[in-house]
1. For residues that are closer than 11 Å to ILE144 by Cα and more than 11 Å from the chain's Cα centre (by Cα), scanning just segment 95-115, find the one that is surrounded by the fewest Cβ atoms within 10 Å (Cβ to Cβ).
2. Return yes or no: is LEU184 surrounded by 14 or more Cβ atoms within 10 Å (Cβ to Cβ), within 24 Å of THR143 (Cβ to Cβ) and at pLDDT 95 or above?
3. So in segment 187-238, with the set limited to residues that are among the polar types (S, T, N, Q) and assigned to a helix (DSSP H, G or I), which one is surrounded by the most Cβ atoms within 10 Å (Cβ to Cβ)?
4. Restricting to segment 131-168, name every residue that is touching a residue at least 24 places away in the same chain (Cβ under 8 Å), in a helix (DSSP H, G or I) and within 15 Å of LEU106 (Cβ to Cβ).
5. So the check is Cβ under 8 Å with 6+ separation or different chains; which pairs have a first residue in segment 116-127 that's buried (at least 18 other Cβ atoms within 10 Å of the Cβ) and a second one that's part of a helix (DSSP H, G or I) and among the basic types (Lys, Arg)?
6. Go through (1) within 25 Å of PRO79 (Cβ to Cβ); (2) at pLDDT 95 or above for ASN265 and report which single condition fails.
7. In this structure, does THR95 turn out to be under 19 Å from PHE242 (Cβ atoms), in a strand (DSSP E or B) and hydroxyl-bearing (Ser, Thr, Tyr)?
Amino acid sequence: MKILIQLAILTFLLTGCKKGEEGPSAKPPHKTQHASPHGPSIDSPFHNGMEVDRYTPFRTAKEYINLLEKPKRLIWKKPDLVIRTMALKGDEVITDLGAGAGSFALRFAKVLTRGHVYALDVLPGMVAYMKKKSGPLHLDNLTIRLTDATKPTLGPKTTIAFVNNVIHFVRKPGEWIAHIASQLPRDGKLVIIDFKMGPLPAGPPDSHKVDPNKVKVFAKAAGLSLAQEQLTLLPYQYMLVFRKTSGKEPQASGPGVLPQVLVGNGVLQLEKAPLKKEPELVVIKDRK
């Protein structure tokens, strides 16, 4: 009997040690970065404990829209403060590259009473969502359409190219910035806002970010000069404003796209085969 009791105690001890190694004290398979208690989470898919592709972290446009439309994102994006800092006169023509759910594009359209806004995105689902969202607002100075990810074409007579949280998704940022700069007129501006380097509550890792100093090098090589640098205006992002001070007037460039008839916020495609030259845009005013 004594031997049986000793064997039972030994079995219990060995079983308990094994469970302890698999319990809460065990090391997790991976480390997930959590939001800081001092600020709102950026809610990036890169920190949800799953492996995601750097350039397409969302499986569907709906997932991306659900993230972009979270109200707490406005706390750290501060779109109204950004627009005030840009000191717009109201007659500018802005192309919002990677406009997403339209948080900036719709605000620009309300401010540019004598100007125009081109909200461009590479995702058809995102473009459809912006059209639906902006429809009730009856913004005649807002054009929403698809664009090419590698060589986007700015809207006609664009004076400001606006790029918010897009550069870290671009595969070749130097070439991309040069392509945008080539389409700007003299004294045209390029505004780039993206995540700061270093630890943040969440968001893309440093290996995905583009250091602001590199952005300045790319912009200089593209014939742009730094007009404004904001490193503390926003909690998680830097803001750089460049001006085109030299060079030729913009030439038609970029891949062929379909000719369009624009009716308010709607887009009607007229051709099925792409053209080699820039499309002719025919704007029809809404008579309602």
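1. Of everything passing the filter in segment 95-115, LEU106 is surrounded by the fewest Cβ atoms within 10 Å (Cβ to Cβ).
2. yes
3. In this case the residue turns out to be ASN213.
4. Passing the criteria: LYS131, LYS133, SER134, GLY135, LEU137.
5. Listed pairs, sorted by first residue: none to list.
6. Result: ASN265 fails condition (2) only.
7. The answer is yes for THR95.
The values are calculated or read from the model by the stated rules, or taken from the named source; none is laboratory data. The structure presented is a predicted model; accordingly, all values stated were derived computationally and were not measured. Positions of Cβ are generated from backbone atoms using ideal geometry, with glycine treated the same way; all protein chains shown enter the neighbour counts.
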